[in-house]
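Quick note: the coordinates plus some simple rules give every number you see, no bench work behind them. Since we're looking at a predicted model, the values are computed, not measured. Neighbour counts run over all protein chains shown; Cβ positions are idealised from the backbone, glycine included.
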Amino acid sequence: MNNTKIEWTDFTWNPISGCLRNCPWCYAKKIYHRFGRSFEPTFYPEKLKEPLRIKKPKKIFACSVADVFAIWTKESWRQAVFKIMRECPQHIFQILTQDPQNINKSGPLPENAWIGTTVRNQREVGRIEILKQARARTKFVSFEPLMSEIKAELCGIEWVIIGAMTGPMRNRYKPEKEWVDQLITNVKTHSIPIFLKDNLSWKPEQKEFPRY
């Protein structure tokens, strides 16, 4: 378990790491390569019990450097992670995936798991409708990095995060103000809690969470 600079969570927990997508903006892969580590999907069973050692309720970003629902993530790994989540009902576990179509294939989800999908542009908006079918109590969308104007039906979503692309100066990219404004208006229309990340430099700050 690691303390983290990710503003919307308290800890990251990575019993699974690695990804095969090779997204150019992936901060995790860059960090792994910087330290000479492989970014192949890997399971670390020795890390599974880390959340059990924290008694005070926390928000925990599970597998922040992996995709729990990717096709290359073994079902046995996934179920081992879910088992620990169920054994820690005091915590909220946050999971982000780019493959929401696989969420319901793994059977019942832990009740204390928030399940989200990443949407960066209009081409990926279909993920939101798929996410709505997930058997999760709390479903959220992370528009980070926001890379285009997005029009989406957000009714049925419980939380929205918006952020910019960060990293080396040459790769940093801030979304157009109009894109963010439109999303905020859409979110507020549905009374959805919204979390605007500091990398937007947005005023006034809005750092809301769903009820739990």
Practice problem: Could you pull out every residue, at least 5 positions away or on a different chain, whose amide H is within less than 5 Å of the one on Ile161? Hs are placed 1.01 Å off N in the peptide plane, and Pro or chain starts have none. | Solution: Val141, Ser142, Phe143, Phe195
Quiz item: Do any cysteines in the chain lack another Cys Cβ under 4.7 Å, and if so which?
Solution: Cys19, Cys63, Cys88, Cys155
Self-check item: Gaussian network model of the chain, Cα within-10 Å springs - most flexible of Ala136, Ala164, Ala28
Solution: Ala28
Practice problem: Taking a cut-off of 12 Å between Cα atoms, list the aspartates and glutamates near Lys132, but don't count ones fewer than 8 places away on the same chain. | Solution: Glu153, Glu158
Self-check item: Protection proxy ranking, peptides 73-84, 36-47, average beta carbon neighbours within 10 Å, highest first
Solution: 73-84, 36-47
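Using helices alone, I'd like the mean residue ellipticity at 222 nm for the chain: each DSSP H run of four-plus residues gives -39500 (n - 2.57), total over residue count, nearest 500.
Using -39500 (n - 2.57) per qualifying helix, the result is -5500 deg cm²/dmol.
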Quiz prompt | 3J(HN,Hα) from dihedral phi, the range 144-159, Karplus parametrisation 6.51/-1.76/1.60, rounded to Hz, x for glycine, proline | solution = 8, x, 6, 10, 6, 5, 10, 10, 8, 8, 9, 4, x, 9, 9, 7
Self-check item: Folded to 0 to 90 degrees: helix 177-189 orientation relative to the chain principal axis, Cα
Solution: 70 degrees
Practice problem: Express in whole angstrom the spacing between the alpha-carbon centres of the range 86-151 and the range 26-76. | Solution: 17 Å
Self-check item: Members of Lys29/Lys59; Lys55/Lys203; Lys49/Lys74; Lys29/Lys139; Lys105/Lys203; Lys47/Lys105 lying beyond 29 Å, as alpha-carbon distances in this model show
Solution: Lys55/Lys203; Lys105/Lys203
Exercise. Place a +1 charge on the Cβ of each Lys and Arg in the chain and a -1 charge on the Cβ of each Asp and Glu, then give the dipole magnitude about the Cα centre in debye, rounded to the nearest 20.
Key: 520 debye
